[in-house]
Amino acid sequence: PSKTSPLTSPGLGIQEGDYVLAINGQKLDEKTSPEMLLVNQVQNTVSLLVKSGKGKAKQVLVKTLGTQVPS
């Protein structure tokens, strides 16, 4: 069955164009990709630090999927 991204869950307020700054407290940078920090996190709850272009960064909890969402 088709699944939607957990980032679109009600109440998170994450919009297209927002930035993920950290996953489980580990900052993302040129050497650290989201994929690296999500290894072995299938169906776990992870903490994301997310920032919109104009707003303050906020921390949200998201349960990861068991498989990737098709593009």
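The values are calculated or read from the model by the stated rules, or taken from the named source; none is laboratory data. Because the structure is predicted, anything quoted here is derived from the model rather than measured. A quick note on method: Cβ atoms are made from the backbone with ideal geometry, for glycine too, and the neighbour counts reach across all protein chains shown. Areas reflect the complete protein model, heavy atoms only, side chains present, ligands, DNA and RNA absent. Shrake-Rupley method; radii C 1.70, N 1.55, O 1.52, S 1.80 Å.
Points to keep in mind about this one:
- The one condition in (1) part of a helix (DSSP H, G or I); (2) open to solvent by 90 Å² or more (accessible area, probe 1.4 Å); (3) of a type in the set (A, V, I, L, M) that L7 fails to fulfil: (2)
- Considering segment 18-48, and only residues there that are of a type in the set (A, V, I, L, M) and farther than 18 Å from T8 by Cβ, the residue that is surrounded by the fewest Cβ atoms within 10 Å (Cβ to Cβ) turns out to be V39.
- Considering only residues in segment 20-68 that are in a loop (DSSP other than H, G, I, E, B) and touching a Pro at 6+ places or on another chain (Cβ under 9 Å), the one that is modelled with the highest pLDDT turns out to be L28.
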